[in-house]
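Enquirer: After the structure tokens below, expect a handful of questions from me.
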Amino acid sequence: MTKRVAILISGGGSNMEALVRSMTGDHPARPVLVLSNDPAAGGLAKAAGLGVPTAVVDHKAYSKDRAAFEAALHAALLDAQPDIICLAGFMRILGAEFIRQWDGRILNIHPSLLPKYRGLHTHARALEAGDTYHGCTVHEVTAALDDGPVLGQARMRVLPGDTPDILAARLLPLEHALYPAVLRRFAAGDRRPVMLGG
Ligand code: GAR
């Protein structure tokens, strides 16, 4: 049966766009919702342009009440009945209760070769450490931040003269290749990791 995919974004949504564009033909999944915590997220217009329903749960409306924000997020997702939730540049940390409700169904893309560099500023941290390789990871989301079983990684060389911005820009096309490849496998029930790049 075709899997229903909801995609959570906070920004430009280039990974969301790559995921949506991949779900055609014999792909085992289809996008049913793009949801943002930020009404100004550029990805919302992109999703609408691609014909995907959109919704916003503005975290600012909940000030410091994360439980209420997550309850609203959960309600919006229940309406869409997703089998899989893809976090794609979704920049809010999700609590244990939310994750429990969607246990085993949430994927995330993170711009580092996990377990290296959980959290923010991953490109700068890879440069500071003098790493030879940098990359991105798609993993299942568990209650621990940027943790959970790795479902795929794409890696690339760090080159002389690289800056955080250059690394981020060079990594993005790899993210756009990795995330759809992982989603296709995962939606087909295959959890073997996808490994891309040199
Ligand atoms: C991507 O590089 C993604 O890996 C990163 O945010 C960017 C979103 O870009 N995610 C994180 O840092 C999550 N902690 P996009 O909105 O164009 O897909």
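Each value in this text was obtained by applying a stated rule to the coordinates, not by laboratory testing. What you see is a predicted model; the values in this text were computed from it and never measured. Glycine gets a Cβ as well: all are built from the backbone with ideal geometry, and neighbour counts include every protein chain shown.
Enquirer: For region 75-86, does any single residue satisfy the condition of being under 28 Å from residue 173 (Cα atoms), within 14 Å of the ligand (Cβ to nearest atom) and out of contact with any Phe, Trp or Tyr (no Cβ under 8 Å at 6 or more places or on another chain)?
Expert: no
Enquirer: With 135, 95 as the choices, which residue is small (Gly, Ala, Ser), under 18 Å from the mean Cα position of the chain (by Cα) and under 18 Å from residue 174 (Cβ atoms)?
Expert: 135
Enquirer: Run down 109, 99, 93 and say which single residue is buried (at least 21 other Cβ atoms within 10 Å of the Cβ) and β-branched (Val, Ile, Thr). Please lay out each step first, then the result.
Expert: Numbers: 99 fails: buried (at least 21 other Cβ atoms within 10 Å of the Cβ); 93 fails: buried (at least 21 other Cβ atoms within 10 Å of the Cβ).
Only one candidate passes the filter, namely 109.
Enquirer: With aliphatic (A, V, I, L, M), within 26 Å of residue 154 (Cβ to Cβ) and in contact with a Ser or Thr (Cβ under 8 Å, 6 or more places away or on another chain) as the only criterion, which of 34, 52, 56 stands out?
Expert: 34
Enquirer: Here is a list of conditions, (1) among the hydrophobic types (A, V, I, L, M, F, W, C); (2) within 15 Å of the ligand (Cβ to nearest atom); (3) under 26 Å from residue 151 (Cα atoms); (4) assigned to a helix (DSSP H, G or I), and residue 45 meets all of them except one; can you say which number that is?
Expert: Among (1) among the hydrophobic types (A, V, I, L, M, F, W, C); (2) within 15 Å of the ligand (Cβ to nearest atom); (3) under 26 Å from residue 151 (Cα atoms); (4) assigned to a helix (DSSP H, G or I), the lone unmet condition for residue 45 is (3).
Enquirer: Would you confirm, using the coordinates I've provided, whether residue 44 is surrounded by 19 or more Cβ atoms within 10 Å (Cβ to Cβ) and under 18 Å from residue 102 (Cβ atoms)?
Expert: Against the criterion (surrounded by 19 or more Cβ atoms within 10 Å (Cβ to Cβ) and under 18 Å from residue 102 (Cβ atoms)), residue 44 does not qualify.
Enquirer: Filter region 148-161 for residues that are surrounded by fewer than 16 Cβ atoms within 10 Å (Cβ to Cβ) and touching a residue at least 24 places away in the same chain (Cβ under 8 Å); which is nearest to the chain's Cα centre (by Cα)?
Expert: 149
Enquirer: So which of 20, 52 is away from the ligand (no atom under 11 Å from the Cβ), crowded, with 21+ Cβ neighbours inside 10 Å, part of a loop (DSSP other than H, G, I, E, B) and not basic (Lys, Arg)?
Expert: Just one listed residue meets the conditions, 52.
Enquirer: Continuing with this model, one more query. In region 1-17, how many are assigned to a loop (DSSP other than H, G, I, E, B), under 21 Å from residue 110 (Cβ atoms) and over 11 Å from the mean Cα position of the chain (by Cα)?
Expert: Residues in region 1-17 being assigned to a loop (DSSP other than H, G, I, E, B), under 21 Å from residue 110 (Cβ atoms) and over 11 Å from the mean Cα position of the chain (by Cα): 2 in total.
Enquirer: Can you find even one residue in region 176-191 that is within 16 Å of the ligand (Cβ to nearest atom), within 16 Å of residue 122 (Cβ to Cβ) and surrounded by fewer than 15 Cβ atoms within 10 Å (Cβ to Cβ)?
Expert: no
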